[in-house]
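J.: Dropping a structure here in structure tokens format, bear with me for questions.
The values are calculated or read from the model by the stated rules, or taken from the named source; none is laboratory data. Everything numeric in this text was worked out from a predicted model, so none of it was measured. Here the Cβ positions follow ideal geometry from the backbone for every residue, glycine too, while neighbour counts run over all protein chains shown.
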């Protein structure tokens, strides 16, 4: 090999390693870009309105002559909605996961797991659409309400949407428990069900907690499906009333907003982002402790 | 699982409390898995049964016309294809490159941790926030206006974590001996990666692409403010620079704002089928590759 060829090869190598370094570091850039843009766009309105009035004001009337920008109704709706979705979705997902991970035969898993993947892959607008056509009218007739579009409808749609992620992460956590635990417990005379619920589930509890937190993150960030079933009136949350979530507050007014109203919408997004960052931090801690990889 | 070693549930010697506990939990599990499976079947059947009467060649191959009062979904299908194609072409080198850096090049463990944390953060950010930032950055700051291009760039940032994660996983399955062997023969790093490592993990990259495409197909909140609502029929170059509704956005607009449920059902059925296909491909491809490796 002559000298010029070697230096040519060296320079290709240097260029390649620089390019890969840039491609790696650019991801930090993306996160910073999102943070910086949200803070630049979101902070001014919070300062103008006043952080206390903004976060704890109970009235949102952005287009009124004397506009009010209190987002407490949205924050509480998001929290209640997410909590409701977890209350319904967690038991359903947890028991399904234990069944699939421990009891189901290979054949059953072979059929059911693709179905759960499908549930995870269905676009959120499709959930919203079905919720709008099936759930909302049935809630209206079942509870004798003037309109079925309510927090309750949103909770059910969210519960269905977080179900696949709860099931899948829980299955991974349950399967990560060493088989010796199971064999030991069986040898001591516990039957299968007792073994699963008193030995394996406690051993997998960090992973299952991670599944719950993942579900919380999904539910609090969901916009389109909720927008189609929750009614979108800026009320304080109540189970059978039309409500607006943090996400839908941003989405529903963005297209016609202007001035301080628009800035306030970005502030709502900033608040949502802060929530999500806290949830992500919790999730990372739990995943590390559970020894489960995020899928 | 040791199926033959398990004692049967119906042992008569169990005290009443324990057998009640077991049976209660077991029925609970059967009930829950039953509800879950029934839910999936209900969703699939409901959408398909309501959509099939409205399927026609016309609705799939025309654009909406106010003059004739007809609705067609062809522009939405094309927009979706343009959008997913563009986003995949851009995200592929970005994601694979980042994964290669993390796995093959990075020397400082601290930097790797920071980048991995950044990627995890990207994966957790809800799509509505991507939509807002995409609108501020791509549509306004880079003045791309509301266009499919702005939409696909937003989707690029959104789906980078999927590509990085799947590529990284398959990079980790390449045995270190391959790398050491290549180095021992005098290969430089990039040459080694290009000729030895990458060919071994094509499968992971393809799976990542399928998963990312599936996610892009279903995305709507991020596209609402970046890609727009238009239903015009365009070629690729015109289409990518002008505003256009994807299938999901079109479904939202038809169902929520215009009350056109027939076409909304047709779109929902198309999305369901696409989702089924991407899931199936990802699984089948993964299984196929596992077999080849063994």
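J.: Hey, any hits in the stretch A:140-163 for a residue that's free of Cβ contacts under 8 Å to residues at least 40 places away in the same chain and within 10 Å of chain B (Cβ to nearest Cβ)?
T.: No.
J.: Can you find even one residue in the stretch B:198-216 that is over 28 Å from residue A:125 (Cβ atoms), more than 11 Å from chain A (Cβ to nearest Cβ) and crowded, with 22+ Cβ neighbours inside 10 Å?
T.: The first filter runs over the stretch B:198-216 and keeps only residues over 28 Å from residue A:125 (Cβ atoms), leaving B:198-205.
Pick out the ones that are also more than 11 Å from chain A (Cβ to nearest Cβ) and you get B:198-205.
Within this subset, residues satisfying the condition of being crowded, with 22+ Cβ neighbours inside 10 Å are B:201, B:204.
Looking for residues that are over 28 Å from residue A:125 (Cβ atoms), more than 11 Å from chain A (Cβ to nearest Cβ) and crowded, with 22+ Cβ neighbours inside 10 Å, one finds at least one in the stretch B:198-216, hence yes.
J.: Which ones in the stretch A:47-84 are within 14 Å of another protein chain (Cβ to nearest Cβ) and out of contact with any strand residue (DSSP E or B) (no Cβ under 9 Å at 6 or more places or on another chain)?
T.: Here is the first cut: in the stretch A:47-84, the residues within 14 Å of another protein chain (Cβ to nearest Cβ) are A:74, A:78, A:81-82.
Within the stretch A:47-84, A:78, A:82 qualify.
J.: Looking at the stretch B:232-245, which of its residues are under 21 Å from residue B:134 (Cα atoms) and part of a loop (DSSP other than H, G, I, E, B)?
T.: B:242, B:243, B:244, B:245
J.: Sticking with this structure for a sec: Counting residues that are assigned by TED's automatic domain parsing to the domain that holds residue A:216 and more than 28 Å from residue B:280 (Cβ to Cβ), which helices (runs of 4 or more DSSP H) fully inside the stretch A:100-158 reach at least 3? Give the derivation first.
T.: Details: elements: A:106-121, A:124-130, A:136-143.
By residue number, A:136-143.
J.: I've got another one for you. Can you pull out the residues in the stretch A:89-115 that are more than 7 Å from every other protein chain (Cβ to nearest Cβ) and within 25 Å of residue B:50 (Cβ to Cβ)?
T.: A:111
J.: Quick one: would you say residue A:245 is touching a residue at least 40 places away in the same chain (Cβ under 8 Å), under 17 Å from residue B:222 (Cβ atoms), more than 9 Å from chain B (Cβ to nearest Cβ) and surrounded by 17 or more Cβ atoms within 10 Å (Cβ to Cβ)? Talk me through it step by step, then tell me what you get.
T.: Details: touching a residue at least 40 places away in the same chain (Cβ under 8 Å): yes; under 17 Å from residue B:222 (Cβ atoms): yes; more than 9 Å from chain B (Cβ to nearest Cβ): yes; surrounded by 17 or more Cβ atoms within 10 Å (Cβ to Cβ): yes.
Here the answer is yes, as residue A:245 does meet what is asked.
J.: Please indicate, with yes or no, whether at least one residue in the stretch A:288-295 is closer than 27 Å to residue B:122 by Cα, assigned to a helix (DSSP H, G or I), more than 9 Å from every other protein chain (Cβ to nearest Cβ) and touching a helix residue (DSSP H, G or I) at 6+ places or on another chain (Cβ under 6 Å).
T.: Quick first cut of the stretch A:288-295, residues closer than 27 Å to residue B:122 by Cα only: A:288-295.
Still in the list and also assigned to a helix (DSSP H, G or I): A:288-290.
Applying the additional criterion that residues be more than 9 Å from every other protein chain (Cβ to nearest Cβ) yields A:288-290.
Among the residues that remain, those that are also touching a helix residue (DSSP H, G or I) at 6+ places or on another chain (Cβ under 6 Å) are: A:289-290.
For the stretch A:288-295, residues closer than 27 Å to residue B:122 by Cα, assigned to a helix (DSSP H, G or I), more than 9 Å from every other protein chain (Cβ to nearest Cβ) and touching a helix residue (DSSP H, G or I) at 6+ places or on another chain (Cβ under 6 Å): present.
J.: Provide a single number: the residues in the stretch B:162-202 that are in contact (Cβ under 8 Å) with a residue 24 or more places away in the chain and outside any helix (DSSP H, G or I).
T.: Counting residues in the stretch B:162-202 that are in contact (Cβ under 8 Å) with a residue 24 or more places away in the chain and outside any helix (DSSP H, G or I) gives 2.
J.: On to the next question. Condition (residue is crowded, with 23+ Cβ neighbours inside 10 Å, over 21 Å from the mean Cα position of the chain (by Cα), facing chain A (nearest Cβ under 7 Å) and in contact (Cβ under 8 Å) with a residue 12 or more places away in the chain) applied to the stretch B:246-255: is it met by at least one residue?
T.: There is no residue in the stretch B:246-255 that is crowded, with 23+ Cβ neighbours inside 10 Å, over 21 Å from the mean Cα position of the chain (by Cα), facing chain A (nearest Cβ under 7 Å) and in contact (Cβ under 8 Å) with a residue 12 or more places away in the chain.
J.: Now for a different question. Given the condition part of a helix (DSSP H, G or I), modelled with pLDDT under 85 and touching a helix residue (DSSP H, G or I) at 6+ places or on another chain (Cβ under 6 Å), answer yes or no: does some residue in the stretch B:203-226 qualify?
T.: yes
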